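> Have a look at this one before I ask anything.
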Amino acid sequence: MTLLLGKGRSRTSALVTSLALALSLSLSLALSLAVPVLVPSATAPATAATPLTVSQAIGQQTGARQTVRGYVVGQPTATNTVVRSGFPNDYALAIADSPSTTSTSSMLYVQIPSTFRSQWGLRTNPSLMGKQIDVTGALSAYFSHPGVTSTSAFALAGGGTTEPPPAGGTSPWDSTYYAPAVGKSATALRTALHDIIDNHTKLSYDAVWTALKDTDQDPDNTANVIELYTGRSISKSSNGGSTGNWNREHVWAQSRGGFTTSAGPGTDLHHIRPEDVTVNSIRGNKDFDNGGSAVSGCNDCWTDSNSFEPRDAVKGDVARMLLYMAIRYEGGDGFNNLEMSSTVGSSSTLIGDLETLLAWHSADPVNTFEMRRNDRIHAQWQGNRNPFIDHPEWAAAIWN
């Protein structure tokens, strides 16, 4: 280093300054090299992430799993309907950033799996109204509305988290209707469920028209029904066999089950739904699987030579109806033994594709429309229930 001498400075003074500067630079270099050694290598303990607000969660419907904090403001029963009293069941909550919120556009709809219904459902726990809670689940649509699905944890804000009971999910019917099946799995569960849902009240095929006008009623227009595949709301009186009418779709196709429209599987409401005449004909007796060409008049429906893919919003509905049929009809009552198949285009009493249907069952959770439908069939028409709506986890317990 060359030190320039300033005017009036002696060489001795400059040398002293030079040595001092050199010493300072050496010390600074030594300290800078030592810093990495002094910083602890261990990562500081993580702290719990701050829950999202409801408004943040509404804007982040990506399917990611998050915890959201909000006030319980009611129970959603349709896309734009939230009730604040007279709760019909324990299946869903609506939460908002303020306990006084009344606009559904500012609410998040939370699915309550069967595991949590006895503790977090509003029919059983109406005192939850106005409470601030934390919910953890996937940020994805529920009732075609911003929501939280596949919910895995609920807690009162500030404490009170509940964990799923080790034996599995619960439903309001576990101590009565499902008591013989609770705690079982595999073949034992299958047998118990068959015995529970067997011997239901059988309808005539004409009575199915009337029943569908009840079970599939549009929650936003009581004069209409909702078609399964198209999702169209159509007048109850527009049933029939002409183009533009709705008719009775057998989700387990009659020719694939070897049954007719005599009282029995051919009139079982748990798998018969309103559908557009033309779309019903296109589906025909095909299996269910992914892919194909777009179906005219049925948005997000696809088909090929041997399979049909419905819109995403009802894929789980279709799967659960077929799972019910495979358990209900085991070869008794003079009807065929209906079974699921792992291939498409298989024999008459098999229908598939099982693996695809199980994936649909998981991806499209039970919604309130299905729950109400299950309740109406049980209370008003057949006296039996679809167990895979009340206990979705039982599908994996049987077909694992």
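The values are calculated or read from the model by the stated rules, or taken from the named source; none is laboratory data. Because the structure is predicted, anything quoted here is derived from the model rather than measured. For neighbour counting, all protein chains shown are included, and Cβ atoms are generated from backbone atoms with ideal geometry for every residue, glycine included. The accessibility values were calculated without ligands, DNA or RNA, using every heavy atom of the protein model including side chains. Shrake-Rupley method; radii C 1.70, N 1.55, O 1.52, S 1.80 Å.
> I'd like the accessible area for residue 58: 1.4 Å probe, protein heavy atoms, all chains in place, Å² to the nearest 10.
Roll a 1.4 Å probe over it and residue 58 shows about 50 Å².
> Using a 1.4 Å probe on the protein heavy atoms only, what accessible surface does residue 197 show? Give it in Å² to the nearest 10.
Residue 197 has an accessible surface of roughly 0 Å² with all protein chains in place.
> Another question, if that's okay. What residues have an amide H closer than 5 Å to that of residue 308, excluding those fewer than 5 places away on the same chain, when H is modeled at 1.01 Å from N in the peptide plane?
287, 288, 289
> Note down the net charge around residue 202, summing +1 for each Lys or Arg and -1 for each Asp or Glu among other residues with Cβ under 14 Å from its Cβ. Working shown, then result.
Working: positive: 328; negative: 198, 206, 268, 333.
Counting the neighbours of residue 202, the net charge comes to -3.
> Using a 1.4 Å probe, what is the accessible area per residue for region 218-286, in Å²?
33
> Which of rounded, prolate, oblate describes region 145-276, given a ≥ b ≥ c as roots of the alpha-carbon gyration tensor eigenvalues and a/c under 1.5 marking rounded, otherwise prolate only if a/b is larger than b/c?
On the way: a/c = 2.79, a/b = 1.43, b/c = 1.95.
The shape class here is oblate.
> With all protein chains present and a 1.4 Å probe, how do 209, 246 order by accessible area, largest first?
Details: 209 45, 246 0 Å².
The residues order as 209, 246, largest area first.
> While we're here: Under a 1.4 angstrom probe, counting protein chains only, how are 327, 398 ranked by accessible area, largest first?
Numbers: 327 0, 398 25 Å².
Ranking 327, 398 by accessible area, largest first, yields 398, 327.
> Between their Cα atoms, which of 286/315; 213/315; 184/213 are more than 25 Å away from each other? Please list the in-between numbers first.
Details: 286/315 15 Å; 213/315 22 Å; 184/213 36 Å.
Flagged as over cut-off: 184/213.
> Ignoring ligands, DNA and RNA, what percent of the 1.4 Å accessible area of region 77-131 is carbon and sulfur? Write down the numbers at each step before the final one.
Details: 1030 of 2140 Å².
That share works out to 48 percent.
> Output the antiparallel fraction of DSSP beta bridges having both residues in region 259-400, as a percent to the nearest 5.
Details: 5 of 9 bridges.
Around 55 percent antiparallel, to the nearest 5.
> What ranking of 229, 205 comes out by heavy-atom accessible area, probe 1.4 Å, highest first? Walk me through the intermediate numbers first.
Values: 229 0, 205 50 Å².
These residues rank, largest area first, as 205, 229.
> Express the relative contact order of region 258-400 as a whole percentage, based on alpha carbon pairs under 8 Å and six or more residues apart in sequence.
Working: 201 pairs, mean separation 30.5, N = 143.
Over region 258-400, the number comes to 21 percent.
> Please work out the ratio of the alpha-carbon Rg of region 238-386 to 2.2 N^0.38 Å and round it to two decimals.
Working: Rg = 14.6 Å, N = 149, 2.2 N^0.38 = 14.7 Å.
In units of the 2.2 N^0.38 Å rule of thumb, it is 0.99.
> Kindly report, to the nearest 10 Å², the accessible surface of residue 277 as traced by a 1.4 Å probe over protein heavy atoms only.
20
> How large is the convex hull of the C-alpha atoms of region 223-324 per residue, in Å³? It would help to have the intermediate numbers written out before the result.
Details: hull volume 10.3 nm³, N = 102.
In region 223-324, the Cα convex hull volume per residue is 101 Å³.
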